[in-house]
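The values are calculated or read from the model by the stated rules, or taken from the named source; none is laboratory data. Treat the numbers as computed from the prediction; the structure is a model and nothing was measured. When we count neighbours, we look across all protein chains shown, and the Cβ atoms used for this are built from the backbone with ideal geometry, even at glycine. The area values use the complete protein model at the heavy-atom level, side chains included, leaving out ligands, DNA and RNA. Shrake-Rupley method; radii C 1.70, N 1.55, O 1.52, S 1.80 Å.
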Amino acid sequence: MPFEKVESSPDFPAMERHVLKFWAEDGTFEKRKALNAGKPKWSFLDGPITANNPMGVHHAWGRTYKDAYNRYFAMTGRELRYQNGFDCQGLWVEVEVEKELQLKSKRDIENLVPGNVEASIDKFVQACKDRVNTFARVQTDQSIRLGMWMDWDKTDEDWAKSPDDRKSYFTMAERNNFAIWSFLKKCFAKKLIYRGYDVMPWCGRCGVGISEQEMKEGYKLVEHRACFVKLPLLDKPGENLLVWTTTPWTLTSNVGAAINPKLAYLKVKLKNEVYYLAKGVFKQDRMASSSGDDEQPEAQAPGKKSKREWLDGVPNLNTIEQMFKSKAGKGESYEIVGEVKGEEMLGWRYAGPFDDLPAQQSEYGFPEEVAKIVKQNGWCPAVTGAAAHRVVSGGDDVSESEGTGIVHTAPGCGGIDFAWGKANGLPPVAPIGDDGCFHKGFGSLESKNAADPATADVVFEELKKKDRLFGIERYVHRYPHCWRCKTELLYRLVDEWFIGMGTWECGVRSAECGVEDKKEEYSFRREIAKVVEKVTFLPESLNGRARELDWLKNMGDWMISKKRYWGLALPIWVDEKDPTDFEVIGSREELKERAVEGWQEFDGHTPHRPWVDKIVLKNPRTGNRMFRIPDVGNPWLDAGIVAYSTLPADWRPADFITESFPGQFRNWFYALLALSTMMSDGEVPPFKTLLGFATCKDQFGHDMHKSAGNSIEFNKAADEGGEIKDPKGATIPFNAIGADVMRWLYCRQNPASNLLFGPKPADEVRAKFHLKLWNCYSFFVNYAIADGFDPTAEQVPVKERPDIDRWILSDLQGLIRTARESFESFDVMRFALVAEEFVDSKLSNWYVRRNRDRFWSRNAELDAAGLKDKLAAYQTMHAVLTTLCRLIAPCVPFLAEVLWKNLRCTADPESVHLVDYPSVDESLIDQQLSDDTEALLNLVTQGGAARNAAKQKVRQPLAELRVFSDAEPVKRALARFAETLQDELNIKRVIASAEPILTAAVKLNMKTAGAKIGAKRKDVDAALKAITAEELAKQFRTGPVDLGGVVLDSADLSVEYVAPDGWAGVADRGTQVAIDARITPELRAEGLSRDVIRFVQENRKKARLELSDKIVLHVATTSNELSDVIDTHKDAIMAAVQAVELVAGQFELASVFGAIKLEVGELTIGIRKADG
RNA sequence: GCGGGUAUAGCUCAGUUGGCUAGAGCGCAGCUCUGAUAAAGCUGAGGUCCUUGGUUCGAAUCCAAGUACCCGCACCA
């Protein structure tokens, strides 16, 4: 017996676990690898998954693509690497470990081993490594469960190996870290590495600078308290500058006040004091969206009143004028006493708001380290902050769109402030340390956290005491937050390390915009852009290349340092006495060669902190010792190098990568491109094709959040089941979805759109695809078993098989072609949708349904031709199912395997994944047959619609169906498949009509025409009656038509097709189908007899009779007509229900009874199983 | 603010180079079939194809302006 019986309601997750066991025991994956060894390479590069937590279902989307394309290319005979990657290093792991160990700050980390910083860091780094190993293993198991075929590390032995020796790649591996060193060395050789002192966003909790890339992920709309502050002018008693800030804590570090020399400034007098502020801001509606640039201050731009983003519950902003009015008090007012040009104000000295602080008394700025660097770089003369206060020019960066037009400038607290400071010789006062708290030297603010609202209160109190506070308001704006821990960022003067990206202008677009190529000047940015031109971004609709170029054009220099612990040790060693003298080491060997101290201790450790910090070099220029900077690297370096560190040279560039695209054009895609560009000197891109895909949302379209209860863990989706919350918070439980249902959901999704994941879409997809296919399969197998079908029996030549067999084989070739084209163009969605259509409309709803009697016919009752026909049906269906298995195997490897294992012949490979992907067999394509059958299927649908129009159920036979059509396939289908059509629609005759059957009737579309017609309705109706539909249509071709004095266009009319009396019909695209709805007494009788049969069958089922059981049928009816019908159709009824005897009444002998009310009267039946 | 995308049924989305009566799935309503049967099928209701203007014999489709949402970039004193 070649086939095993098939369950009608399968437990897919259980089956999948079974298949996994088989693959493991059989070594199927290894067999596939062996099969393809030495064949042409197909190089896939896995984007590393962060090994920091268990997988969620959103990870499974990308991993399904990865596996499906890998499997397709394996089945088409390519050699693959099958290497999965884990992203290991970086702050996200540190944050989780901090939570685990309940650490709150960097100080806690450095005190893990009390009093021993080095041992503490070692312990912390080890904990990070352990966490990565733990979750890499969890994710490995989960990926295996998803059906992903990769070279996995499975055993304890595998996991005991160093990351360098495992099968998956790990970004924490030495290979990876040292590869980045060599990259940085190349950058250094091109003089791109530099140390930057700049004001950068900083996370006080994590104690790290936030790079441009990271900052973009953390903007949030928040409320702050902004304040207006008086800055008294030293040489103009009673006069003040008025400045505004949203970050009161920075006032402590005020050094300058910036104006725009081109603007006009008002002198506003209020209660004997004069305030300066920009003219344009005084009466400005501050709730209007900042409308770029002024120019036409009064001119009302109509319809352009966009309101600025605001939070509910925060009062609208007052105009500055209003503030002056209300401060003036009852009956009083302000007075405008003059106007000055901005440039006249330059150089005015003023008293700062916090000049009493020690920090303001330090020459070259504060604190000392900063002052030192400022002095060394000559950024300002030897002045203190307090002594430096004056009005400087901010140029056009000072605008009238916000604030007062005079900008409080704290070069230690803001990016542009720092630049203005350097330009004007103002010393930077940097108030906060790496924990976000005030340094010593800031009086009552010392050690207060700058982000804490209570700190602002202290500032306001101080200002009030000094009478410097003009006003406080609640202000809403978008402000950056730490993308990891959500803490508000602070701008802080830091020294970080950067890769200079060069300018965009020098040459990249020279061809386009005629910019002269300054060939001497190297631009990293430009080099990357050239490489970007060499790769393909999919899906096309996302314009990936344009996005990447846009980022390249606009990005700043790349900040690569992080003041943290767990990560790439930046291989930068600095002279102990000269912070500007540094070197970059490019390899472990070079390090060993150059080390003068610490090698012994370092040797045997990975290049991580704290061990690598022990290495000391000697500066060949000065003879001084050089120490490694304590910084670790930006983790995108880790992921960006993998095209080099993990792909061997003969596998480069990768043919394909795929990742979720939001954010990645500036993260992974960018890093890959950047590092490959440098490593290959602009020659080799990291990949040829990139497939991006969107974001996974819940089934209601909302973002998945653990806290909202709508995210789904992978294990729950795969095996365990669980529950989710809907947007209203109601709990929805769900059963295990299983891997293949998920995988199909992902495969059929448009990658450019967000995917809605959840039990509901899963159920839909299962019902639509998996269960339909399963039904076809189980139908086939269960009959094949009963009939003893032998798939290895000699094939009935395809030419000798009936149309329906040759049709489905022909259409199957079309599906194969689509499948291959789709996979080759990385468009698996196209294949999936066509495959669904094939299974549903073609296989299940037509082939299987139309062929049921071929399968259930009895061998004993068949002649030679009958047996051959039956064999043809089995062979056709077997071919279709086995081919389908292979076609869908890359997408749903489990389902395909289950089907294959039962359907395959003994000579076939034991796994579908060891078989070649199907190729189109041209000899099986019969285009005309495919077209004709499609026409037939349309006729069936239309015939059904006509029946509906006639209000006649299919059980009632009807006399005639007429079809009129110009289309050749329809005409041929009518000739060829008349019998099928008769049977399908329960019609006695099908006739092809040479002339239209239906008459077009034109009706008014009162929705649109009503208003035009108004009172002339009668005239229009008359005009309509007087003209034929054909004539009307002709007139409409040249424009609107005058009907009864009303000019109508074609949209005002609608056409309905009307069948002749006694008929019902429908029309669709040039094909008219009409059905004779008149029921003759004979037809009526036949219909009634079918009612009787149906009712008996229902009762047979109730009586649980076997298919082969014969019965004795008892009948009684109140209707003479029905009684006659039963008499006339006695033979047909008895044959259909397998009755050996028909008895009137005598129900006492029957075992099952039923009674039903038909339209003609009541029918009562009884059934008794016949003896023998 | 700049650039890109999207807008089609209650929901999720198709809709080719402009072309005849705008489609599918789900949901809803009704019905059918009863030897795939805890399956299957059919039909229906439901559309201002975002708005306005233009091109055209003809626009969901092309053009312009506007509106809303999404994405990217910039700014955020």
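The table below gives the values:
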{"read-out": "Lone qualifier among A:594, A:625, A:609 - being surrounded by 21 or more Cβ atoms within 10 Å (Cβ to Cβ) and either out of contact with any strand residue (DSSP E or B) (no Cβ under 7 Å at 6 or more places or on another chain) or not aliphatic (A, V, I, L, M) (or both)", "value": "A:609"}
{"read-out": "Qualifying residues in the stretch A:785-813 (those that are at pLDDT below 90 and small (Gly, Ala, Ser)) - the one nearest to RNA strand B (Cβ to nearest atom)", "value": "A:786"}
{"read-out": "Flag if residue A:376 is touching a strand residue (DSSP E or B) at 6+ places or on another chain (Cβ under 6 Å), polar (S, T, N, Q), open to solvent by 60 Å² or more (accessible area, probe 1.4 Å) and under 30 Å from residue A:433 (Cβ atoms)", "value": "no"}
{"read-out": "First in the stretch A:1072-1086 and under 28 Å from residue A:935 (Cα atoms), second anywhere and charged (D, E, K, R) and assigned to a loop (DSSP other than H, G, I, E, B), Cβ under 9 Å, 6 or more apart", "value": "A:1077/A:951"}
{"read-out": "Odd one out for residue A:932 among (1) open to solvent by 10 Å² or more (accessible area, probe 1.4 Å); (2) under 23 Å from residue A:1074 (Cβ atoms)", "value": "(1)"}
{"read-out": "Options A:14, A:68, A:74; residue that is free of Cβ contacts under 8 Å to residues at least 12 places away in the same chain and either over 20 Å from residue A:539 (Cβ atoms) or open to solvent by less than 20 Å² (accessible area, probe 1.4 Å) (or both)", "value": "A:14"}
{"read-out": "Extreme residue, farthest from RNA strand B (Cβ to nearest atom), among residues of the stretch A:403-422 that are in contact with a strand residue (DSSP E or B) (Cβ under 8 Å, 6 or more places away or on another chain) and part of a helix (DSSP H, G or I)", "value": "A:421"}
{"read-out": "Selected residue (criterion: nearest to the chain's Cα centre (by Cα)) from residues of the stretch A:698-710 that are away from RNA strand B (no atom under 16 Å from the Cβ) and open to solvent by 40 Å² or more (accessible area, probe 1.4 Å)", "value": "A:706"}
{"read-out": "Residue match in the stretch A:225-233 (condition: away from RNA strand B (no atom under 12 Å from the Cβ), touching a Cys at 6+ places or on another chain (Cβ under 9 Å) and of a type outside the set (Ser, Thr, Tyr))", "value": "no"}
{"read-out": "Residue list for the stretch A:853-891, filter: within 10 Å of RNA strand B (Cβ to nearest atom), surrounded by fewer than 19 Cβ atoms within 10 Å (Cβ to Cβ) and touching a residue at least 24 places away in the same chain (Cβ under 8 Å)", "value": "A:856"}
{"read-out": "Residue that is nearest to RNA strand B (Cβ to nearest atom) [pool: residues in the stretch A:374-392 that are modelled with pLDDT under 90 and of a type in the set (S, T, N, Q)]", "value": "A:377"}
{"read-out": "Residue selected from the stretch A:816-850 under the condition among the β-branched types (Val, Ile, Thr) and more than 10 Å from RNA strand B (Cβ to nearest atom), by the criterion nearest to residue A:774 (Cα to Cα)", "value": "A:834"}
{"read-out": "Qualifying helices (runs of 4 or more DSSP H) (wholly inside the stretch A:887-989; at least 2 residues being touching a Phe, Trp or Tyr at 6+ places or on another chain (Cβ under 8 Å) and over 30 Å from residue A:145 (Cβ atoms))", "value": "A:927-950"}
{"read-out": "Test: residue A:366 is closer than 21 Å to residue A:251 by Cβ, open to solvent by less than 10 Å² (accessible area, probe 1.4 Å), over 46 Å from the mean Cα position of the chain (by Cα) and not acidic (Asp, Glu)", "value": "no"}
{"read-out": "Residue match in the stretch A:393-402 (condition: within 16 Å of RNA strand B (Cβ to nearest atom), hydroxyl-bearing (Ser, Thr, Tyr), within 24 Å of residue A:460 (Cα to Cα) and in the same structural domain as residue A:447 (by TED's automatic domain parsing))", "value": "no"}
{"read-out": "Helices (runs of 4 or more DSSP H) contained entirely in the stretch A:1-106, each with at least 2 residues that are within 16 Å of RNA strand B (Cβ to nearest atom)", "value": "A:12-26, A:57-75"}
{"read-out": "Residues that are open to solvent by less than 10 Å² (accessible area, probe 1.4 Å) and part of a strand (DSSP E or B), drawn from the stretch A:202-229", "value": "A:202, A:203, A:208, A:209, A:226, A:227, A:228, A:229"}
{"read-out": "Residue in the stretch A:254-262 that is among the β-branched types (Val, Ile, Thr), modelled with pLDDT under 90 and open to solvent by less than 10 Å² (accessible area, probe 1.4 Å) present", "value": "no"}
{"read-out": "Residue A:254 vs. criteria more than 30 Å from residue A:452 (Cβ to Cβ) and within 10 Å of RNA strand B (Cβ to nearest atom)", "value": "no"}
{"read-out": "Index of the failed condition, residue A:635 passing every other in (1) under 30 Å from residue A:206 (Cβ atoms); (2) within 16 Å of RNA strand B (Cβ to nearest atom)", "value": "(2)"}
{"read-out": "In the stretch A:98-117, the residues that are in contact (Cβ under 8 Å) with a residue 40 or more places away in the chain and farther than 15 Å from residue A:609 by Cα", "value": "A:105, A:107"}
{"read-out": "Test result for residue A:761, closer than 27 Å to residue A:892 by Cα, open to solvent by less than 70 Å² (accessible area, probe 1.4 Å), more than 16 Å from RNA strand B (Cβ to nearest atom) and in contact (Cβ under 8 Å) with a residue 40 or more places away in the chain", "value": "no"}
{"read-out": "Selection count, the stretch A:534-549, where residues are within 11 Å of RNA strand B (Cβ to nearest atom), open to solvent by 10 Å² or more (accessible area, probe 1.4 Å) and in contact (Cβ under 8 Å) with a residue 12 or more places away in the chain", "value": "5"}
{"read-out": "Residue A:145 under 21 Å from residue A:88 (Cβ atoms) and under 32 Å from the mean Cα position of the chain (by Cα)", "value": "no"}
{"read-out": "Residue within the stretch A:1105-1128 that is acidic (Asp, Glu) and within 16 Å of RNA strand B (Cβ to nearest atom) present", "value": "yes"}
{"read-out": "Matching entry among A:531, A:494 (being buried (at least 19 other Cβ atoms within 10 Å of the Cβ), away from RNA strand B (no atom under 15 Å from the Cβ), at pLDDT 85 or above and assigned to a strand (DSSP E or B))", "value": "A:494"}
